[in-house]
Every structure is written in structure tokens, then in C-alpha cells.
Amino acid sequence: MIKDITIGQYFLGNSFLHRMDARMKIILTFALIIAIFVCKSIPSLLLMVAITVFLVAVSSVPFKMVLKSIKPIAIIVVFTGILNLFYVTGGKTLFEWSFIHITTKGIFTAVFMAVRIICLVVISSLLTYTTTPTMLTDAIERLLSPLKVFKIPVHTLAMMMTLALRFIPTLIEEIDRISNAQKARGADLDSGGLIEKVKALIPIIVPLFVSSIRRAYELADAMDCRCYVGGDGRTRMKQMKLKGSDFVSLLVTAVLIAGLILLNHYFTKVI
Amino acid sequence: MAAVISVKNLTYEYNVGTPSCSVALDNVSLDIEKGDFIGLIGHTGSGKSTLVQHLNGLIKPTKGTVYLNGNDIHSDKKATREARFKVGLCFQYPEYQLFEETVAKDIAFGPRNMKLPENEITSRVVKAAMYVGLKKEHMEKSPFDLSGGEKRRAAIAGVMAMEPEVLIFDEPTAGLDPKGRDVILSLVKNYQTQTGCTVILVSHSMEDIARVADKVIVMNKGRVEMYGDVKTVYADCDRLSAIGLNVPQVTKVFSLLKEKGLEFSDDVYTVEQGFNVLSEYLKRRDLND
Ligand SMILES: Nc1ncnc2c1ncn2[C@@H]1O[C@H](COP(=O)(O)OP(=O)(O)O)[C@@H](O)[C@H]1O
Ligand SMILES: [Mg+2]
């Protein structure tokens, strides 16, 4: 169960997505995510789906992992789908019964929202699948660095994010270890009602907090020992440089988004 | 004698179906006899921890079966739960599992999960605390206020209080200083001689195992490489060093002395034994002179 969490997971590879400059990747991801919500006509949505499928195909990330990233949001997709189906009114009414109205617009909205959410999750997980967490936070730090003018501690925030991401696998391992140790002492984590289940978590959560706090202190000491003083005057081992191919990607994405807008403009909007 | 635990053709793979799939146990079969004190030794990553987690049903085998007193521990839920209570497992760094408000409550966690009556729980807690040498004033303290060694002993008591038939310790001396190590080893040994239960002690120190165990299982790359009496196994120096395990230094010193023509036995595994053998030898020599 806990091993299903795929956020922040990275897949080693050498696709053009892996090689793309992380800053460019973040910007293009955002651009595409905004573009998803521009799509209101059928052809534009199809183009969006085509773009998503293309990105998955060239990413060299196993298809199984892409499916895994959708799994946790399946419930949300179904739920919003049903709500839209029943409550959105407009267009031709196909079916009516007390408070339920099924209309053409409702059906379109349900399908569009489901497809949009899936595209959104797939595209944003491709970003984390093809970028190492360190590269990602590094890129975020650089993209946000103009905010330093407003005295926002960009470096500190980026460092906090790096550390948080770094410790996700450690915490998962720790939870596994502690729950095994408590199970060996006869802790029953699976049966009983809601209250019993929550109570059964105490023997896991308390040791987890204790060890996390201890780890945080140790980490702070280790950073102190290596003279960490925050972002001021810190240079970088890895320089980020935009390559020609990054600009090509930018151009292609811009053309595609322009295409989306045109398809939207010239075909009837169904939602 | 009857085997209390019997493992048949056990194979276990971690992360089946993902790129990081790895075989941790490879067709392991062995019998653990009642009342034995067994040392389980092997290199880091040889599969010791994975094996012992199978014995109380925490891990389900990919292939193969684990029998406890002749019953498959995965035959149904009840059998698995019974295995949890009959085979006590004390994990590596057990002090990280402490969570209760007081040491006494923490030790009582296991017995309480077994749904024992309150007076039985209390008497078991007192007994377990005695075995690990925790004093009365410790019992009402928070476990987080104990010293490192005391925390570890409290955690060990938590498993002992369940009074399992088989008690497994996974590297109980890891990260302790020599004195702390001696304390833990001797309390485990005392517990075994007093209760007569079966004990499996996982370690990668041949000296530690020689000090307390009667039999040794040697693991290498997920397989059982050797299984026998301490003396028989330790005599096969070449095979042990081929898999990266070194017999204790004292043993080496004594076998070198033997090569030089001195009459020493082969089974010197600890410094204390060496000291006794040497002083006896000197006494004999003085008499002869
Ligand atoms: N939770 C786990 N996930 C994946 N692989 C593991 C896990 N635990 C152990 N392994 C692997 O299984 C093998 C045996 O490990 P382990 O049983 O811990 O050995 P030991 O206790 O002898 O050091 C090692 O190769 C290790 O990498
Ligand atoms: Mg181990």
C-alpha cells in the first residue's frame, strides 16, 4: 500500500525528456497543464491526448509506472465524472428523474474532466519520473530566484524541499521496519473498527516521530559540520545551461499550444 | 529430538515484478531442534534478517513452506497469528520500537496483544525485567529517558515477556560497545539456560556466536552454506574465509601455535578460553620442569 506512492520517484533513462533542461521542463509542463484547461472542443482535446501519449512514448518510462501514477486518482476521476454527469445542465436533455438530469453537456463535461485530470496527472508525473529530485529543486530554486528581491528565502525553501523529498523513501522504509517490529509483538494492524485501527497506529507513529526528530537533529549537525550557512555566496558544482534542443522543445510546444487554441476557436465548444 | 521449526525449500524475492527484483533466499531448507541455541551467521546481505522474518510469519515465502511444530504457519490466519506469539522476534535496533509512556507498559504491549489476564501480564513483565536486569525504579520511567543500553534491554524484555517457544534475536549487539555487548550476550545465554527455550541469535561476529551458541548456521548469498556444531563448522577455516567470514583472531593464534608444535586444542574461540588454555599450559610446563 505505502509502496504505491510514486510521487518524487525517478526513473533512470536517457530519453530526450531526461536530457531536457529541468527549468525548461518545468516551464513547459506548466504551459501544457494550463493548455489542458483551454481545451473545450473535441479536436483540441484529441490533440492534447495525442501530445500526452507522445510524451509517454518518448519518455522511456515503463507504461506500468504511468498507470500506477493514475491509480491513486482513479476515485477522484470517477467521482467528478458522476457529479458532472448528474448535475451539469445545458444542451439536450436525454434523461430526467427527480433531481437527476442527464444532458449532452453533462456527458461531455464528465468525459472532458476525466480526460483532463488524467492528462494532468500523467504529464506532471512525467516531470518527476524524468527529473531527479535534486535537479528539480535546483531548477525551482533558479526559476524562483528573482523573488529574492522581495526577501523571500528561495534557497532555504528549495533546500527544505530537497530534504523533504530525500527523506520520503527513508520514512517509508522506517514505517515498514517499525510496523514489522510491532507486528512481531502481536500488534494487529488490520482488523477492528475505525477507532481500533487508529489506536493501532500509535505504536508506529510515536517511534516514527521520535526517530524523525532525532534524524533531523543529526542532519542539522552534519550540515553545520560542513559549514552550511544557506544560499549566500554558495556556488554550484553543476551548472545549468540551456541547449539548442531545449529551445526547439520550447518552439514545438508553443506551436502545439497555438494549434490547440486554434482548434478550440474554429470548432464548436462542447462544454 | 523433534524439530520445532522446519523450513522446506524456502525461496524469497524482494520487489517481485519491478526492475529492482532480487533473490534474498534461494531454496533454503533446515530444521531447528527444540532447546537448541543456534547462531545464525553470514555476511551483510546474505539473507539472515529475511530468513528470520519468515520464521514468525512476518514475510510470506515466494516459494516453500515454514512449519511450526509440524503445522504450516501460512495455512490460515489463526496459524499465522499463533506463529507470531510462539516465535518471538527481536529486531535489529529494537530500541526504536519503544513507544509507551512507561517501560512497564511497553514491556506489557506484547502480552496484552496476546489477550492474557491482567495478573499474568504483570507477573510476566516483572519476570522479563528481571531477565534483562532492569530495576524497579526503571519500570515507571519513560522509555525515552533510559540510556542506550537500558533501552535495548527494555525492548528485549518486551519480546521475552511474550514467553515464546522460540526466541530470535537479530543482531542484538549491533552498535553497542564491548561491555554492552557482553551484557546482552550473557543475559540472552542466561535466559536460554533458565527457560530452556529455543534461541536463534543472528550475528556477523564469529566470536560472539562461539561464546553462546551450540550450533551454527552459516548463510551465504541467500543459501545455507553450513549447519552444524560450533566445533565442526569453525574447523572448516578455508570454507569460512572463502565466503568472507574470519574465525576469531584467538583461534588463528592458537592454530599457528599448534603448527609450531605446541599441544593446543583447536576449539579456542574466545580470549577467555585462550587465557585458560594458556595458563593451564604454563602450569603444566612448570610442573614438568
Ligand atoms: N526491504 C527490502 N527490499 C528490497 N530488498 C531487500 C530488502 N531487505 C533486504 N533486501 C535484500 O535482500 C538481501 C538479504 O538481506 P537481509 O536479509 O537484510 O540480509 P542480512 O540480514 O544478512 O544482512 C540483500 O541483498 C538485501 O539487499
Ligand atoms: Mg540483517
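Laid out as a table, the results:
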{"quantity": "Residues that are more than 16 Å from ligand 1 (Cβ to nearest atom), open to solvent by less than 10 Å² (accessible area, probe 1.4 Å) and in contact with a strand residue (DSSP E or B) (Cβ under 8 Å, 6 or more places away or on another chain), drawn from the range B:86-106", "calculated": "B:Val87, B:Gly88"}
{"quantity": "Long-range neighbours under 9 Å by Cβ, at least six apart or interchain, first residue at pLDDT 90 or above within the range B:173-193, second surrounded by 18 or more Cβ atoms within 10 Å (Cβ to Cβ) and of a type in the set (Asp, Glu)", "calculated": "B:Thr173/B:Asp208; B:Arg181/B:Asp208; B:Leu185/B:Asp208"}
{"quantity": "Filter pass, A:Ala200 being within 11 Å of another protein chain (Cβ to nearest Cβ), in contact with a Pro (Cβ under 8 Å, 6 or more places away or on another chain) and closer than 22 Å to B:Ser142 by Cα", "calculated": "no"}
{"quantity": "Which listed residue is open to solvent by 80 Å² or more (accessible area, probe 1.4 Å) and in contact (Cβ under 8 Å) with a residue 12 or more places away in the chain, from A:Phe16, A:Phe86", "calculated": "A:Phe16"}
{"quantity": "Any hit, the range B:37-47, residues being at pLDDT below 95, more than 15 Å from ligand 1 (Cβ to nearest atom) and closer than 27 Å to B:Ala157 by Cα", "calculated": "no"}
{"quantity": "Meets criteria (within 14 Å of another protein chain (Cβ to nearest Cβ), open to solvent by 50 Å² or more (accessible area, probe 1.4 Å) and among the polar types (S, T, N, Q)) for A:Ser191", "calculated": "yes"}
{"quantity": "Number of positions in the range A:237-253 that are open to solvent by less than 100 Å² (accessible area, probe 1.4 Å) and either touching a residue at least 12 places away in the same chain (Cβ under 8 Å) or closer than 30 Å to A:Thr89 by Cα (or both)", "calculated": "8"}
{"quantity": "Test: residue in the range B:88-105 that is part of a helix (DSSP H, G or I), in contact with a Pro (Cβ under 7 Å, 6 or more places away or on another chain) and within 13 Å of chain A (Cβ to nearest Cβ)", "calculated": "yes"}
{"quantity": "Scope the range B:38-57; condition more than 15 Å from ligand 2 (Cβ to nearest atom) and closer than 23 Å to B:Ile243 by Cα; matching residues", "calculated": "B:Ile38"}
{"quantity": "Residue ID - farthest from ligand 1 (Cβ to nearest atom), chosen from residues in the range B:5-34 that are at positive phi and away from chain A (no Cβ under 14 Å)", "calculated": "B:Asn9"}
{"quantity": "All positions within the range B:239-288 that are part of a helix (DSSP H, G or I) and small (Gly, Ala, Ser)", "calculated": "B:Ser241, B:Ala242, B:Ser255, B:Gly274, B:Ser279"}
{"quantity": "Residue match in the range B:270-281 (condition: within 16 Å of ligand 2 (Cβ to nearest atom), modelled with pLDDT of 85 or more and of a type in the set (A, V, I, L, M))", "calculated": "no"}
{"quantity": "In the range B:208-236, the residues that are away from ligand 1 (no atom under 16 Å from the Cβ) and open to solvent by 50 Å² or more (accessible area, probe 1.4 Å)", "calculated": "B:Arg211, B:Asp214, B:Asp229, B:Lys231, B:Thr232, B:Ala235, B:Asp236"}
{"quantity": "When residues of the range A:194-207 are limited to those that are open to solvent by 30 Å² or more (accessible area, probe 1.4 Å) and not charged (D, E, K, R), the one farthest from ligand 1 (Cβ to nearest atom)", "calculated": "A:Ile195"}
{"quantity": "A:Thr130 vs. criteria without any contact (Cβ under 8 Å) to a residue 40 or more places away in the chain, away from every other protein chain (no Cβ under 14 Å) and either aliphatic (A, V, I, L, M) or touching a helix residue (DSSP H, G or I) at 6+ places or on another chain (Cβ under 8 Å) (or both)", "calculated": "no"}
{"quantity": "Hey, A:Ala139 modelled with pLDDT of 90 or more, assigned to a helix (DSSP H, G or I), crowded, with 19+ Cβ neighbours inside 10 Å and more than 14 Å from every other protein chain (Cβ to nearest Cβ) or not", "calculated": "yes"}
{"quantity": "All strands (runs of 3 or more DSSP E) inside the range B:1-75 with 2 or more residues being open to solvent by 70 Å² or more (accessible area, probe 1.4 Å)", "calculated": "B:3-14, B:22-33, B:63-68"}
{"quantity": "Positions within the range B:141-163 being open to solvent by 10 Å² or more (accessible area, probe 1.4 Å), within 28 Å of B:Asp36 (Cβ to Cβ) and within 14 Å of chain A (Cβ to nearest Cβ), in sequence order", "calculated": "B:Glu163"}
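For every residue, the table says whether it meets (1) within 16 Å of ligand 2 (Cβ to nearest atom); (2) within 16 Å of A:Leu28 (Cα to Cα); (3) within 19 Å of the chain's Cα centre (by Cα); (4) of a type outside the set (S, T, N, Q).
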residue	(1), (2), (3), (4)
A:Tyr129	no, yes, yes, yes
A:Pro133	no, no, yes, yes
A:Asp138	no, no, yes, yes
A:Lys148	no, no, no, yes
A:Leu157	no, no, yes, yes
A:Thr162	no, no, yes, no
A:Leu165	no, no, yes, yes
A:Ile168	no, no, yes, yes
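The values are calculated or read from the model by the stated rules, or taken from the named source; none is laboratory data. Every value quoted in this text rests on a predicted model; they were computed, and no experiment measured them. A quick note on method: Cβ atoms are made from the backbone with ideal geometry, for glycine too, and the neighbour counts reach across all protein chains shown. Each accessible area value is taken on the protein alone, full model and side chains, heavy atoms only, with ligands, DNA and RNA left out. Shrake-Rupley method; radii C 1.70, N 1.55, O 1.52, S 1.80 Å.
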